[in-house]
Amino acid sequence: MSSASPQTLTKVPPASAPPAGAAVPRIVPQRRTGQWIAAALLLVLLGLAVNSVLRNDAFQWDVVAEYFTTTSVLRGLGLTLWLTALVMVLGFALGTLLAVLRLSANPVLRAVSWGYVWLFRSMPILVQLLFWFNIGALYPTVLGVKTVDLFGPVTVAIIGLTLHEAAYAAEVVRGGILSVERGQIEAAQALGLSRLRRWRRIVLPQAMRSIVPPAGNMLIGTLKGTSIVSVIAVQDLLYSVQLVYHRTYQVIPLLLVATIWYVVVTSLLSVGQYYIERHYARGTAR
């Protein structure tokens with residue numbers, strides 16, 4: 001193999017320091033004039049909007065403060081929180097089972113799980129609640145007990161919301177499980193770990209990174225979605241304020257009471273979701 005002659009080699013001059021007294025180039029930050037103008041306009045518009053809401057007497061903020069912590073409103077808020085927690089626990093328990101069935105090697109189990117998810121995701125939640133509320137028309141008695149006595153409004157709300165949430169939870173859990181690399185499971189099998197221990201030690205901790213964000217969104221959506229049970233006379237937060245403004249005709253301030261409570265609870269849940277996500281994201285690039 002021939003080598004280049006000394007004459008053909010390009011000589012690279014050695015790096016030399018700038019001569020003494022030479023001006024050092026000044027680094028000028030990039031100007032973002034358009035962004036600052038847009039931000040200023042946005043702040044002005046936001047300030048005008050907040051000012052118009054706070055100084056508008058039609059909102060009746062004194063009435064909002066009067067009813068914000070009344071017994072009926074707090075009782076409705078408590079039922080809303082209890083219903084949300086119960087539905088999420090039951091929904092994810094059933095959804096996890098459906099996700100495992102969907103990932104099963106048995107075609108019958110996969111078909112049943114897929115059919116459940118397809119059916120309950122296709123039906124609006126209001127239709128499901130009204131169907132369960134009128135189930136007595138199809139089955140007047142169940143195990144010798146009148147259906148009207150067995151399925152009260154709260155029970156109907158729990159059944160309808162749980163079955164609805166389970167369909168979405170199944171897809172969330174299935175997506176989280178599929179996000180775990182197959183090599184992780186194969187390595188656990190090579191180490192001789194049992195199936196239960198593989199799921200508990202390998203699959204679930206990694207799957208939770210993909211499950212927690214959509215699960216948090218589902219939790220917040222369920223909290224707000226429970227307001228729909230007011231159509232079947234469940235005395236949740238919305239129904240409680242409706243009872244008041246049907247009597248006092250102060251619709252706007254009572255709706256503001258419910259809105260502020262939903263915003264407060266949703267904000268607290270968002271903070272909790274942030275810390276849970278950070279916990280499961282340890283050791284990974286953000």
Please list 163-175, 238-250 highest first by mean number of surrounding beta-carbon atoms within 10 Å per residue.
163-175, 238-250
Over 24 Å, how big is the tail of the calculated P(r) for the range 107-239, in percent of all Cα pairs?
48 percent
For q = 0.12, 0.16, 0.24 Å⁻¹, Debye-computed log10 I/I(0) when each Cα of the range 179-286 counts as one equal scatterer:
-0.62, -0.81, -1.22
Mean Cβ-within-10 Å packing, highest first, puts peptides 112-124, 75-87, 267-279 in the order 75-87, 112-124, 267-279
Heavy-atom accessible area per residue - the range 80-216, 1.4 Å, Å²:
57 Å²
Rg and Dmax of the range 199-261, Cα atoms, in Å?
18.1, 58
Tell me the accessible surface of residue 69 in square angstrom (1.4 angstrom probe, heavy atoms of protein chains only), to the nearest ten.
90 Å²
Is the range 91-130 best put as rounded, prolate or oblate by its Cα gyration tensor, with a ≥ b ≥ c the root eigenvalues, rounded for a/c under 1.5, and otherwise prolate when a/b is larger than b/c, oblate when not?
oblate
Over the Cα atoms of the range 61-120, compute the convex hull volume and normalise it per residue, giving Å³.
99 Å³
With all pairs of different alpha carbon atoms counted, what Kirkwood hydrodynamic radius in Å does the chain show?
24.6 Å
Charge dipole magnitude, Cβ of K and R +1, D and E -1 - the chain, Cα centre, debye nearest 20:
1260 debye
Over the chain, with every protein chain in place, what whole percent of the accessible area is carbon and sulfur at 1.4 Å, could you tell me?
66 percent
List every residue whose amide H lies under 5 Å from the amide H of residue 142, counting only residues 5 or more places away in sequence or on a different chain, with H placed 1.01 Å from N in the peptide plane.
147
What FRET efficiency comes out for the pair residue 186/residue 130, r = Cβ-Cβ distance, R0 = 45 Å, nearest 0.05?
0.40
At 1.4 Å probe size, with every protein chain present, just tell me what the per residue accessible area of the range 222-261 comes to in Å².
43 Å²
Counting helices only, and only those DSSP H runs with n ≥ 4, report the 222 nm mean residue ellipticity of the chain as the sum of -39,500 (n - 2.57) divided by its residues, in deg cm²/dmol to the nearest 500.
-22500 deg cm²/dmol
Binned at 10 Å from 0, what are the whole-percent values of the Cα-Cα distance distribution for the range 57-185, short to long?
11, 27, 28, 19, 10, 4, 0
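The values are calculated or read from the model by the stated rules, or taken from the named source; none is laboratory data. Note that the structure is a prediction, hence the values are computed from the model and not measured. Positions of Cβ are backbone-derived with ideal geometry, glycine not excepted, and every protein chain shown enters the neighbour counts. These area figures cover heavy atoms from the full protein model, side chains too; ligands, DNA and RNA do not enter into them. Shrake-Rupley method; radii C 1.70, N 1.55, O 1.52, S 1.80 Å.
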